[in-house]
Amino acid sequence: MHNAFTVEIPKLFSNELYRRVLISNKGITIEIPQIQNLVSAPSNELIAFRYGVKGIRGYAFTIGRHYFIEIKTARQDTITIKFSSYYGFRRKVYRKAWIDIVNKLWDYHFVNHYLSHYNRYKNGESFEFCGMTFQEGTISWDNKNILPYAQVGLGNYVNYFMVYHKENKSQQKSYNFRNDWNALALQSLLKTIVKEHQSATGEITSDIHP
């Protein structure tokens, strides 16, 4: 059982509190001191999340970064956590807060989405997850592009990943952590499948990038 985890996000130009994010097994709560308000959702209503960093363009160069995390609930509401750094102010603090929130949302809640679909895969069930169809021995998307598990390749990058046929890389689909709901859970599932089939065949090469 995890202990509750709290992330405090200061305002950009002062030490006053901008947001306090509490993540626990029970759910998530966001305290907004400026309007004395709370935004919360219980764990059983947290169905998807996505996250990203966007550069803020000035006249000739990037002047800052927008950090955001979005959480979709079973009621189809979206809970948004966002904050922005300009000209380097709060960049390290905000980046750490963003990473901490993403990691804890995964550890406390969304790893379960990966585990539940992994169990279905191990049981040989057919299911759809993030626009990808898993059937016995294969994955597919767009009602075509059928790949046997042993032919699934992955290209993993910081902001996105790609799924492709090892023998025909033009047969591919990409997922972006910023735009696609639960892309991290899908990536984790596919990584596990690829690793298991590499172990079964004795293959040691992969196309996985840090």
- Item | Phe110 vs. criteria under 19 Å from Asn159 (Cβ atoms), surrounded by 13 or more Cβ atoms within 10 Å (Cβ to Cβ) and aromatic (Phe, Trp, Tyr) | yes
- Message: Among (1) in the same structural domain as Ile193 (by the TED database); (2) at pLDDT 95 or above; (3) touching a Phe, Trp or Tyr at 6+ places or on another chain (Cβ under 9 Å), there is one condition Phe129 misses while meeting the rest; what is its number?
- Response: (3)
- Message: Out of everything in region 1-18 that is open to solvent by less than 50 Å² (accessible area, probe 1.4 Å) and touching a residue at least 40 places away in the same chain (Cβ under 8 Å), what residue ends up being farthest from the chain's Cα centre (by Cα)?
- Response: Leu12
- Considering Thr78, Thr62, Thr73, Thr138, which residue is in the same structural domain as Gly27 (by the TED database) and farther than 26 Å from Ala4 by Cβ? Thr62
- Given the residues Lys96, Lys82, which is the only one that is farther than 23 Å from Phe129 by Cα, open to solvent by 60 Å² or more (accessible area, probe 1.4 Å) and not in a helix (DSSP H, G or I)? Lys82
- Any idea how many residues of region 50-65 are part of a strand (DSSP E or B) and either surrounded by 16 or more Cβ atoms within 10 Å (Cβ to Cβ) or among the aliphatic types (A, V, I, L, M) (or both)? 8
- Query: Going by the conditions given, is Ile47 within 17 Å of Asn103 (Cβ to Cβ), in a strand (DSSP E or B) and touching a helix residue (DSSP H, G or I) at 6+ places or on another chain (Cβ under 9 Å)?
  - Reply: no
- For Tyr87, state whether it is of a type outside the set (Asp, Glu), farther than 30 Å from His197 by Cβ and at pLDDT below 95. yes
- Message: Just the residues that are farther than 17 Å from Tyr94 by Cβ, in contact with a Leu (Cβ under 8 Å, 6 or more places away or on another chain) and part of a loop (DSSP other than H, G, I, E, B), please, taken from region 2-31.
- Response: Ala4
- Note on the structure: Note on region 61-106: residues of a type in the set (Ser, Thr, Tyr) and touching a residue at least 12 places away in the same chain (Cβ under 8 Å) are Tyr67, Thr73, Thr80, Ser84, Ser85, Tyr86, Tyr87, Tyr94
- Identity of the residue in region 19-28, under 10 Å from Ile101 (Cα atoms) and touching a residue at least 60 places away in the same chain (Cβ under 8 Å), that ends up farthest from the chain's Cα centre (by Cα): Val21
- Screening Gln76, Gln34 for residues that are at pLDDT below 95, exposed (fewer than 13 other Cβ atoms within 10 Å of the Cβ) and not in a loop (DSSP other than H, G, I, E, B) leaves only Gln34
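The values are calculated or read from the model by the stated rules, or taken from the named source; none is laboratory data. Remember, it's a predicted structure, so these values are computed and weren't measured experimentally. Reconstructed Cβ throughout: ideal geometry from the backbone, glycine too, with neighbour counts over all protein chains shown. The accessibility values were calculated without ligands, DNA or RNA, using every heavy atom of the protein model including side chains. Shrake-Rupley method; radii C 1.70, N 1.55, O 1.52, S 1.80 Å.
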